[in-house]
1. Would you please give the residues with an amide H less than 5 Å from that of residue 39, counting only those at least 5 places away or on a separate chain, with H modeled from the backbone geometry?
2. Residue by residue, what Karplus-based ³J(HN,Hα) values in Hz, rounded to whole numbers, does region 8-23 have, using 6.51, -1.76 and 1.60 with θ = phi - 60° and x for Gly and Pro?
3. Taking K and R as +1 and D and E as -1, what net charge do the other residues with C-beta under 13 Å from the C-beta of residue 111 add up to?
4. Along region 33-44, what does the Karplus equation 6.51 cos²θ - 1.76 cosθ + 1.60 (θ = phi - 60°) give for ³J(HN,Hα), rounded to whole Hz, x for Gly and Pro?
5. Grab the beta carbon distance between residue 76 and residue 27, set R0 = 22 Å, and tell me the FRET efficiency rounded to 0.05.
Amino acid sequence: MDLKNLSVFDMAGRNMQYLTAKQEVIASNIANASTPGYLAKDVRAPEYTSEFVADMPMKLTNSKHLSGARQRQALEIYTPRPTAALTIDGNGVILEDQMNQASKASSEYRKMIRIYNKYKTMLTTAATKITT
């Protein structure tokens, strides 16, 4: 059984890819914190749509639930408009913001790993015969 065909695993895997790209962009921003004229970059978060994974649609019990979510677009790196004043040399990287973003991305990545492992354990438990 390929776990990537299940929507929970697919979404967790795609979110981990996004968070990996975000960490790479943050590392680049930090590395260029003293480069004149450099503006911090970011990665646009993936949008999930309500396209069905399987031919058989699932019944939603709550309108806020995702129904077989698939990621529609590739990850996009962009330069957001600076919200704070630039330094004298035109650099727009605020190290404190970058470190906060790195911390958030790291904790989100760990959360995705926990979700992935919990569902994998749940499926393994359901698929094996329990003898007492």
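1. Distant-sequence amide H within range of residue 39: 92.
2. Listing the rounded values in order: 5, 5, 5, 5, 5, x, 5, 5, 5, 5, 4, 5, 5, 4, 5, 4 Hz.
3. Net of charged neighbours comes to +3.
4. 5, 10, 7, x, x, 7, 10, 4, 9, 8, 10, 6
5. Values: r = 18 Å, r/R0 = 0.82.
The formula returns an efficiency of 0.75 here.
Just so you know, all these numbers are worked out from the coordinates, no wet-lab data involved. Every value quoted in this text rests on a predicted model; they were computed, and no experiment measured them. Methodologically, a virtual Cβ is constructed for each residue, glycine included, from the backbone with ideal geometry; neighbour enumeration extends over all protein chains shown.
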